[in-house]
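A.B. asks: Structure provided below as structure tokens; questions to follow.
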Amino acid sequence: MVNAKQIYNLLDSVFPFFTQESWDNSGLLINTGTESDTVFVCLDVTSDVVNAAIEKGAKIIVSHHPVIFAGITSIDYNSLVYRLITNNISVISAHTNYDKYRYGTCYAMAEKLELKPVYDENIEIGLKAETEKMTAKQLAEKCKAVFGTAACTLPDKEIENIFICAGSGGGMMEEIIAAEADCFLTGESKYHDMLDLAQLGVAVITTSHDASEKISLETMAEIIKKEFKNIKVETYIAENLQYVL
């Protein structure tokens with residue numbers, strides 16, 4: 001058996017929670033004090049996840065996106081937070097601190113696409129990577145095979161140097177330029193950011209927010225499995241939020 005504080009302390013030792021962005025709300029967000037022999041690892045704490053946790057007796061959930069993000073002013077009996085507490089389920093959310101982890105979300109994208117990571121200590125969120133020369137369209141086609149969906153700008157642009165930001169890649173213009181990237185790979189990007197980057201000759205490839213991040217959940221699960229060998233760790237991989245025709 002294990003409690004949420006033990007899981008939190010483990011994750012904190014690998015990707016410290018103090019490194020999260022100031023606007024983030026990562027941490028031990030719900031602590032019921034209940035021990036569990038099963039831990040769920042997921043991208044988002046949705047009704048499906050809570051239902052599955054209740055069914056399988058999991059009293060601890062580890063999510064990437066925070067289950068509590070903005071300030072809560074009231075709790076309704078139909079809310080996820082109410083259901084979690086009344087079913088004695090604790091939740092730990094590791095968001096931007098996990099994004100900054102060397103082997104976290106961005107690394108998982110590079111690994112799945114067989115890109116070569118290039119580490120830069122000056123980059124807090126994001127990852128530089130290299131590939132053999134190809135077009136943006138060719139890399140987008142690889143992304144579609146891996147993530148299920150992909151779109152790109154400047155499809156004929158020849159690329160070698162890529163800047164990766166899993167999830168939402170908004171506000172990364174300075175980092176992309178500093179990395180001297182000819183391609184920006186992300187989950188989602190604002191339309192006008194893509195236009196600005198196109199003017200600079202930088203192709204943008206998007207895969208969808210959730211698809212870009214859920215591939216890294218197994219890494220988080222393995223960290224827990226390695227430390228706590230006598231508990232069951234299940235990775236809940238939901239379908240993409242957006243249905244691709």
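Read-outs throughout are calculated quantities, based only on the coordinates presented, and are distinct from any laboratory measurement. In this text the structure is predicted, and so the values were computed from the model without any measurement. Neighbour counts are summed over all protein chains in view; Cβ atoms, including those assigned to glycine, are modelled from backbone coordinates with ideal geometry.
A.B. asks: How big, on average over all directions, is the shadow cast by the Cα convex hull of the chain, in nm²?
C.D. replies: About 13.7 nm², averaged over all directions.
A.B. asks: Only sites in a loop by DSSP and with at most 11 other Cβ atoms within 10 Å count here; which chymotrypsin sites (Phe, Trp or Tyr not before Pro) in the stretch 80-158 make the cut?
C.D. replies: Those that pass, being in a loop and sparsely packed, are Tyr119.
A.B. asks: Another one. As a test of the formula, what do you get for the chain when each DSSP H run with n ≥ 4 contributes -39,500 (n - 2.57) and the sum is divided by the residue count, at 222 nm and rounded to the nearest 500 deg cm²/dmol? Write down the numbers at each step before the final one.
C.D. replies: Working: 10 runs with 84 residues, N = 245.
Rounded to the nearest 500, the figure is -9500 deg cm²/dmol.
A.B. asks: Further question on the same structure: I need the trypsin sites (Lys or Arg not before Pro) found in the stretch 184-245, filtered to DSSP loop residues with at most 15 other beta carbons within 10 Å of theirs.
C.D. replies: Details: sites: Lys190, Lys214, Lys225, Lys226, Lys229, Lys232; in loops: Lys190, Lys229.
Loop-located and lightly packed - Lys190, Lys229.
A.B. asks: I need Thr135, Thr34, Thr73, Thr105 ordered by Cβ neighbour count within 10 Å, fewest first.
C.D. replies: With the fewest neighbours first, Thr135, Thr34, Thr73, Thr105 line up as Thr73, Thr34, Thr135, Thr105.
A.B. asks: Please give the net charge around Leu43, taking every other residue with its beta carbon less than 10 angstrom from that of Leu43, where Lys and Arg add +1 and Asp and Glu add -1. Can you show the working numbers first?
C.D. replies: Working: positive: Lys214; negative: Asp44, Asp210, Glu213.
Net charge in that neighbourhood comes out at -2.
A.B. asks: Pull up the DSSP beta bridges for the stretch 105-212 and report the antiparallel fraction as a percent, rounded to 5. Walk me through the numbers before you get to the answer.
C.D. replies: Details: 11 of 20 bridges.
Here the share of antiparallel DSSP bridges comes out near 55 percent.
A.B. asks: Could you tally the net charge around Gly201, taking each other residue with its Cβ under 12 Å from the Cβ of Gly201, Lys/Arg +1 and Asp/Glu -1?
C.D. replies: Values: positive: Lys157; negative: Asp156, Glu158, Glu180, Asp182, Asp196.
Taking every Cβ under 12 Å from that of Gly201, the sum is -4.
A.B. asks: Would you work out if the stretch 105-212 is rounded, prolate or oblate? Take a ≥ b ≥ c from the square roots of the eigenvalues of the alpha-carbon gyration tensor; rounded if a/c is under 1.5, else prolate when a/b is larger than b/c, oblate otherwise.
C.D. replies: Taking the square roots of the gyration eigenvalues as a ≥ b ≥ c, the stretch 105-212 is rounded.
A.B. asks: Going by how many other beta carbons lie within 10 Å of each one, how would you line up Ser208, Ser47, Ser74, fewest first? Can you show the working numbers first?
C.D. replies: Working: Ser208 21, Ser47 10, Ser74 5.
Ordered from fewest to most neighbouring Cβ atoms within 10 Å, Ser208, Ser47, Ser74 come out as Ser74, Ser47, Ser208.
A.B. asks: Which of the lysines could a cross-linker bridge to Lys190, judged by Cα under 29 Å and excluding same-chain residues fewer than eight apart?
C.D. replies: Those lysines meeting the cut-off are Lys100, Lys112, Lys116, Lys128, Lys133, Lys137, Lys142, Lys144, Lys157, Lys214.
A.B. asks: Let me ask something else about it. Count charges around Ala53 for me, please; just the other residues with Cβ under 15 Å from its Cβ, Lys/Arg as +1, Asp/Glu as -1. Present the calculation step by step, with values, prior to reporting the outcome.
C.D. replies: Details: positive: Lys56, Lys59, Arg83, Lys232; negative: Glu35, Asp37, Asp44, Asp48, Glu55, Glu234.
Here the count lands on -2.
A.B. asks: Give the longest segment of the chain that steers clear of GluC sites (Glu not before Pro) in DSSP loops with at most 16 neighbouring Cβ atoms within 10 Å, not counting the sites themselves.
C.D. replies: Working: sites that count: Glu21, Glu35, Glu114, Glu121, Glu124, Glu180, Glu239.
Of all site-free stretches, the longest is 36-113.
A.B. asks: Separate question: In the stretch 102-180, which trypsin sites (Lys or Arg not before Pro) fall in coil by DSSP and have 11 or fewer other Cβ atoms within 10 Å? Could the numbers behind the result be given before it?
C.D. replies: Working: sites: Arg102, Lys112, Lys128, Lys133, Lys137, Lys142, Lys144, Lys157; in loops: Arg102, Lys157.
Filter output for the stretch 102-180: Arg102.
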